[in-house]
1. Would you point out the residue of region 13-60, among those that are surrounded by 13 or more Cβ atoms within 10 Å (Cβ to Cβ) and of a type in the set (F, W, Y), that is farthest from G82 (Cα to Cα)?
2. With the requirement that a residue be closer than 11 Å to V75 by Cβ and part of a helix (DSSP H, G or I), what does region 1-16 give you?
3. Anything in region 75-101 that is closer than 16 Å to G34 by Cα and surrounded by fewer than 11 Cβ atoms within 10 Å (Cβ to Cβ)? List them, or say none.
4. Looking only at region 30-88, which residues are more than 18 Å from T13 (Cβ to Cβ) and in a loop (DSSP other than H, G, I, E, B)?
5. Of all residues in region 1-48, count the ones that are more than 24 Å from G65 (Cα to Cα) and of a type in the set (S, T, N, Q).
6. Considering only region 92-114, how many residues are over 13 Å from the mean Cα position of the chain (by Cα) and more than 20 Å from K51 (Cβ to Cβ)?
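Any read-out appearing in this document is the output of simple, stated calculations on the displayed coordinates, not a laboratory observation. As the structure is a computational prediction, the values presented were derived from the model and not from experiment. For neighbour counting, all protein chains shown are included, and Cβ atoms are generated from backbone atoms with ideal geometry for every residue, glycine included.
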Amino acid sequence: MLRGGTEPDPRFTLANERTFLAWIRTSLALLAGGIAVEAFTADLFVPEVRKAVALLLLVLALVLGSGAFFRWLRVERAMRSGTPLPLPVLAPILAIGGGITAAVLLVVVVLRPA
């Protein structure tokens, strides 16, 4: 499938695939979380907050799911060409997106009347 370079050790290729699948699993969990927030939290949050949190989770799932493929491809090409592995871009995106979502929920919970 990929041309150029030399075939890497199969263990490294399989490890790259496992990492790809872990990112996909995380993306699917965020997708399920976004759907769950929209479907089941109508009595907990005002519609604007519910929609904002659901959208944050769904967009994060979209970015991670699509970014996982490009990360897998870049790593595979780097291994074949013997160049350094690319820096992970998805980890900071997940950390920032998760932090923003947590901050929104924290503010809503703190400001919600008892």
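1. Result: F45.
2. Answer for region 1-16, where residues must be closer than 11 Å to V75 by Cβ and part of a helix (DSSP H, G or I): F12, T13, A15, N16.
3. The initial filter retains those residues of region 75-101 that are closer than 16 Å to G34 by Cα, namely 94, 97-101.
G99, the sole residue that qualifies.
4. Initially, region 30-88 is screened for residues more than 18 Å from T13 (Cβ to Cβ), giving 30-67, 87.
Matches in region 30-88: T41, A42, D43, L44, F45, V46, L87.
5. 2
6. 2
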